Amino acid sequence: MDLEIKEALDNAGKTLAEVKKAQVDLSDQLKVLDQKKASGEDITDIKGHVEDSRKGLTELGDQVADLTKKLSHRGADLEGKSLGRIIAEHDEFKTLKDDRKARFEVKDVTTGSFGTIDLPGGVRRGSRGLIQPVNQALFLRDIIPTAATTAAVIEYLQESGYTNNAGVVAEGAQKPQSELDFEPKAAPMVKMAHFFRVTEETLDDVDGMEAYINQRGLYGLQLKEEGELLNGPGTTGRIDGLLANSTTYDSGLVPGITPVNAMDDIRIAIAQVAEADLLASAIVMNHLDAAALDLAKDADGRYLHPAFAGNTAWGLPVVRTKGLPQGKFIVGGFIGNTLIWQRKGIEVRRSTEDRDNFVKNLVTILLEERLQLETLRPEGIVYGDLTAAGGE
C-alpha cells in the first residue's frame, strides 16, 4: 500500500477514535451540567469545560475533513477496494454511529452487480460524476449529404447506362441519339437501434449516469451506422450501402501507368471517377492503411507523402475508418450522387414499463433511428484493392 495513503488511513482511524471519545466526554459533561442546573448549583466551571470540549470536537471535525480531502484526492483503488470502502469498513468508523445501516447497491447497465456495500446510517456516498471518453471520430456524414424524409420507402431511378453521342450536326442532317438507361430502385427505410437496462438507483445516485448512457449509446449507434452505410448489402432490412453500389477499380485505366503504391491507386481512381463525368470529392480507407501511408519513407528516411498526414490525398479529404476492410479503398464522387435519407432524427426513449422493469426498479433506455442511402450513379463510387498499403 502507498505509504502516504497508509499514513492517512492510520491518522483517520486515530482521529475517528478521538472524535468518538470527545463525543462521549461532551455527552457526560452535558449530563452533569443539567444535573447541577436542576439542583441550583453554580455551573460556571462546568460551562467552561463544556465549551472547551465543543471547541476540541470542532477541531477534530476539521481534521477529519482534511484527511477526507487528502484521501479523495488520491482517489486510487487499494488492494482491490476503494478508499471510501476501506474507511467505511474501519472498526472505529463503524462504531462512530449507531447500528442502523444504509445499503447502496451498484448495478451495471445490463443485469450484473458490482456488489452491495454497507455504509453507516446517515452517511451519503459522494460521486464525482462520469467522464465522457474520447471516441473514434466518425466521418461519413461529413462527406455524404443528409436529407430528412417522411417516406417509409425511398423510390428513385438509378442510372445504369449512359452513351453520349452528342456531336456536331450538319444542317438538315439527322441528330445523333444518346442512350440513357435507368433502373428503378425502392429502398425501404432501415431501423437501427439498441437499448440499455439500468436500475433507477443507479440513475438517481450516480451523477450524470443517464446523460453518459445516452451519449455512449448515441456513439455506438452511429459507429454501427457508419459500417452499415459502407457495407450494407441492400437486402431486406439492410441499408443499400456504398460497396453494393460501386464500380470496380480499373488499375490500367491511365495509359502507360502501372500503379506501384497506394497513392498511385488513389490518383488513378480519381481519374476513373472523372471518366464517368463526375467529380471525386473524398477518399475512404481503413485507418491502418492510412497510417501506413503516413509512415512510408524513402531510402533516406524522408516521408514519401507529407501531404497525406494532413488527411488529404491529391487534394481530397481522406476518411479513416474501421468500417472498410484493410487493403481496400473507395474514391467517390459523393456530392450530387449520394444522399443519406433520415426519417426523423435519432430518438432516445426511456421506459419503466418494459418487461419486469416496474417490479425490479429498472429503466430501459432505447436509442433508434431509421435511414437509407441513395446512390444515383454507381460508376462514381470506385472501389478496389490498394496495390501497396505501406507506400513503396
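The values are calculated or read from the model by the stated rules, or taken from the named source; none is laboratory data. From a predicted model like this one, the values you see are computed outputs, not experimental measurements. All Cβ positions, even for glycine, are placed from backbone atoms using ideal geometry, and neighbour counts span all protein chains on display. Side chains included, ligands, DNA and RNA excluded: accessible areas come from the protein's heavy atoms. Shrake-Rupley method; radii C 1.70, N 1.55, O 1.52, S 1.80 Å.
Against the condition over 24 Å from Leu180 (Cα atoms), open to solvent by less than 50 Å² (accessible area, probe 1.4 Å) and among the aliphatic types (A, V, I, L, M), how does Ala262 come out, does it pass? Give the derivation first.
Values: over 24 Å from Leu180 (Cα atoms): yes; open to solvent by less than 50 Å² (accessible area, probe 1.4 Å): yes; among the aliphatic types (A, V, I, L, M): yes.
Judged against the criteria, Ala262 is a match.
Condition check: among the acidic types (Asp, Glu) and at pLDDT below 90. Does Asp298 satisfy that?
Values: among the acidic types (Asp, Glu): yes; at pLDDT below 90: yes.
The answer is yes for Asp298.
Consider only pairs whose beta carbons are under 7 Å apart and that are at least six residues apart or on different chains; among these, list those whose first residue lies in the range 275-291 and is within 16 Å of Leu324 (Cβ to Cβ) and whose second residue is open to solvent by less than 30 Å² (accessible area, probe 1.4 Å) and assigned to a helix (DSSP H, G or I).
Hits for this filter: Ala282/Ile143; Ile283/Ile266; Asp289/Ala262.
Which one is nearest to Val190 (Cα to Cα), of the residues in the range 206-224 that are surrounded by 15 or more Cβ atoms within 10 Å (Cβ to Cβ) and charged (D, E, K, R)?
That would be Arg216.
Return the residues of the range 330-345 that are farther than 10 Å from Ala148 by Cβ, open to solvent by 10 Å² or more (accessible area, probe 1.4 Å) and in a strand (DSSP E or B); say none if nothing qualifies.
Hit for the range 330-345 is Leu339, nothing else.
What number of residues within the range 141-180 satisfy the criterion of being closer than 22 Å to Gly332 by Cα, open to solvent by less than 80 Å² (accessible area, probe 1.4 Å) and more than 29 Å from the chain's Cα centre (by Cα)?
7
Take the range 294-323 and flag every residue that is under 17 Å from Ala388 (Cβ atoms) and either under 27 Å from the mean Cα position of the chain (by Cα) or among the polar types (S, T, N, Q) (or both). Reasoning before the result, please.
The initial filter retains those residues of the range 294-323 that are under 17 Å from Ala388 (Cβ atoms), namely 294-299, 303-305, 308, 313-314, 318.
Of everything in the range 294-323, those that are under 17 Å from Ala388 (Cβ atoms) and either under 27 Å from the mean Cα position of the chain (by Cα) or among the polar types (S, T, N, Q) (or both) turn out to be Asp294, Phe308, Val318.
Take Glu379 and decide whether it is more than 22 Å from the chain's Cα centre (by Cα), modelled with pLDDT of 90 or more and open to solvent by 20 Å² or more (accessible area, probe 1.4 Å). Don't jump to the end; show me each part of the working.
Numbers: more than 22 Å from the chain's Cα centre (by Cα): yes; modelled with pLDDT of 90 or more: yes; open to solvent by 20 Å² or more (accessible area, probe 1.4 Å): yes.
Yes, satisfied.
Could you give me the residue pairs with C-beta distances under 7 Å whose first residue belongs to the range 325-341 and is among the hydroxyl-bearing types (Ser, Thr, Tyr), whose second residue is not in a strand (DSSP E or B) wherever it lies, and which are 6+ apart or on separate chains?
Thr338/Ile144
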